[in-house]
Amino acid sequence: MNCKICKIKGIKKNAIVNLSSYNLSLCKEHFIEWFERRIQNTIKDFHMFTKEDKILVAVSGGKDSLGLWFVLNKLGYDADGIHIDLGINDYSKKSREYVEEFAKKIGRKLYIVDLSTEIASISILKEKIPNKPPCSLCGIIKRYYINKISKKEGYNVLATGHNLDDEISVLFGNTLNWNLYYLSKQYPILKEHKDMFVRKVKPYCRITEKESAIYTFLMGIKYIKEECPLSIGATSLKYKKIFGDIEEQFPGTKLKFFNNFLRRLYPLLTNKISEENLQRCKICDEPSSLEICAVCNIKMKLAKL
Ligand code: SF4
Ligand code: ZN
Ligand code: ZN
């Protein structure tokens, strides 16, 4: 298969990737160009940020977040990184090493939040609070610290590496349950809220997992290939598999499902769902829908054990 762009220019060059959703085969050079333009257009289309904004990228050590941190800097944005060390055995140790090595390589500032000193590692929390799924605790804690550090260190935008496959699997789950509240919050940009929440953006929302993996590989970025051991059996992985099968039979379905949600359903939801009743946590002063925030609640539970 030959590169379509090279062909237009009258050059015959082997393609390294076939993007079936776009009916496009590209050589290395044109794939990189296509990928970076796609990110740039997504940032512009959703008015995510400009070169004047101070961006913090949440980096797990995986292909998406490290690739995102790299591409934002390559495109000239002012982006530093934040990593949450979850304390999940070897997986967290390796992830942190990849992130630290990468930060040094690109010469950008990296903030590390070590959960074992801040609250407790996810492995310990899993044991001590068995009635709550570890992923739910992990999600609450990660969001809390990332938002807190972003504000404290003067960043106004938080970027995450959620890709199209991640977005589709969440969208699919929320649609199966017709969870209008969650659907109303699923947008590639969530605006800042007073001095409580920084703006959250997902520049990879129109990039598939496969496209992200190819870009990270071509850029020579080393990343952790293992999945978090606690993700085994997660519903989101099953939804990804279902969508992978549909996409194989009907290329372009993922993108169509996502784009049509944003275009057709999302505008109807935003006006109907009321804002959460936000207040400040009485203990830590961070935003919360209750008097005491979820993280302070977890800390209190741990103290009683
Ligand atoms: Fe956290 Fe691992 Fe669950 Fe992801 S899979 S939310 S990293 S515990
Ligand atoms: Zn080409
Ligand atoms: Zn609190």
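With a ≥ b ≥ c the root eigenvalues of the C-alpha gyration tensor of the range 82-157, is it rounded (a/c under 1.5), prolate (a/b larger than b/c) or oblate? Taking the square roots of the gyration eigenvalues as a ≥ b ≥ c, the range 82-157 is oblate. Distance from the Cα centre of the range 14-33 to that of the range 77-98, in angstrom? Each part's Cα centre sits 31 Å from the other's. Amide hydrogen proximity for residue 85: with H placed 1.01 Å from N in the peptide plane, the residues at 5 or more positions away or on another chain lying under 5 Å are 113, 114, 115. Surface composition of the chain: carbon and sulfur atoms hold 54% of the protein heavy-atom accessible area at a 1.4 Å probe.
Rounded to the nearest 10 degrees, the inclination of helix 209-218 to the longest alpha-carbon principal axis of the chain is 70 degrees. Using a probe of 1.4 angstrom and keeping all protein chains present, the accessible surface of the range 219-305 works out to 68 square angstrom per residue.
Mind giving me the FRET efficiency for residue 78 and residue 301? R0 is 35 Å, r the Cβ-Cβ distance, nearest 0.05 is fine. Step by step, r from the Cβ atoms, then E = 0.35. Computed from Cα atoms, the angle from the helix 63-74 axis to the main principal axis of the chain rounds to 70 degrees.
Relative to the longest principal axis of the Cα atoms of the chain, helix 294-304 runs at roughly 50 degrees. The trypsin sites (Lys or Arg not before Pro) found in the range 69-132 that occupy coil by DSSP, while having at most 14 further C-beta atoms within 10 Å, are 109.
Residue-wise HN-Hα couplings along the range 169-179, as the Karplus relation 6.51 cos²θ - 1.76 cosθ + 1.60 with θ = phi - 60° gives them from phi, are 5, 5, 4, 4, x, 5, 6, 4, 8, 6, 7 Hz; Gly and Pro carry x. For the range 179-254, GluC sites (Glu not before Pro) meeting the loop criterion (DSSP other than H, G, I, E, B) and having at most 13 other Cβ atoms within 10 Å: 226, 227.
Between their Cα atoms, which of 105/191; 185/256; 93/132; 93/225; 54/109 are more than 21 Å away from each other? Exceeds cut-off: 105/191; 93/132.
The fraction of all Cα pairs in the range 149-305 landing in successive 10 Å bins from 0 to the largest distance is 9, 28, 35, 23, 6, 0, given as whole percents. At a probe radius of 1.4 angstrom, the accessible area of the range 114-158 per residue rounds to 49 square angstrom.
Annotation: extensible slack from residue 33 through residue 170 equals 46.4 nm (criterion: 0.36 nm per residue apart, minus Cα-Cα distance).
Give the shape of the range 89-221 as rounded, prolate or oblate, defined through the alpha-carbon gyration tensor: a ≥ b ≥ c are the square roots of its eigenvalues, a/c under 1.5 means rounded, and otherwise the shape is prolate if a/b is larger than b/c and oblate if not. Intermediate results must be reported in sequence, preceding the final value.
Numbers: a/c = 1.27, a/b = 1.07, b/c = 1.19.
It is rounded, given that a/c, with a ≥ b ≥ c, falls under 1.5.
Within the range 165-194, the chymotrypsin sites (Phe, Trp or Tyr not before Pro) that combine a DSSP coil assignment with at most 16 other C-beta atoms in a 10 angstrom radius are 178. Anisotropy class assigned to the range 170-257 is oblate, per the alpha carbon gyration tensor with a/c at or over the 1.5 cut-off and a/b no larger than b/c.
The values are calculated or read from the model by the stated rules, or taken from the named source; none is laboratory data. Note that the structure is a prediction, hence the values are computed from the model and not measured. Glycine gets a Cβ as well: all are built from the backbone with ideal geometry, and neighbour counts include every protein chain shown. Just the protein is used for accessible areas: all its heavy atoms, side chains included, with ligands, DNA and RNA removed. Shrake-Rupley method; radii C 1.70, N 1.55, O 1.52, S 1.80 Å.
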